[in-house]
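Visitor: The structure under discussion is supplied below as structure tokens; questions concerning it will follow.
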Amino acid sequence: MGEVPHRRGNRATGFRLGKRLEMLFRTIQQAKRFVRMILGFTLLLIGVAMLISPGPAWLVILCALGLLAAEFVWARRLLDRMKHGGERIRDAVLMRSHARETSYR
């Protein structure tokens, strides 16, 4: 006669499959993290090189810090400082242009 599969065996197989999927998910997450870090540091080096050569250095550096900020606290803090400095510059430029507009009237 044919054997009837036990429920316990099915659960064990399902458990192993779940463990494997969990391990696969962790491996994919670690690979994404590694790629993000490599890309972030590469962009950061390219941005620093662009400071002395033609190119959008600050834009590349901001993008690099955006990638690295997901993994490193120092990058997040530096990105926040750069954003704050950019806001101050923007406000100063807008204030100056507004002052010029009102002086011409």
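Visitor: Could you list, in sequence order, the residues of segment 16-53 that are touching a residue at least 12 places away in the same chain (Cβ under 8 Å) and of a type in the set (Lys, Arg)?
Guide: 33, 36
Visitor: Looking only at residues in segment 22-68 that are open to solvent by 100 Å² or more (accessible area, probe 1.4 Å) and of a type in the set (A, V, I, L, M, F, W, C), which one is nearest to the chain's Cα centre (by Cα)?
Guide: 34
Visitor: State which residue pairs qualify: first residue farther than 10 Å from residue 41 by Cα and inside segment 54-69, second residue among the β-branched types (Val, Ile, Thr) in any location, beta carbons under 7 Å apart, and separation of 6 or more residues or different chains.
Guide: 60/46
The values are calculated or read from the model by the stated rules, or taken from the named source; none is laboratory data. As the structure is a computational prediction, the values presented were derived from the model and not from experiment. Glycine also receives a Cβ, built like all others from the backbone with ideal geometry; neighbour counts cover every protein chain displayed. SASA here: full protein model, heavy atoms, side chains in, ligands and nucleic acids out. Shrake-Rupley method; radii C 1.70, N 1.55, O 1.52, S 1.80 Å.
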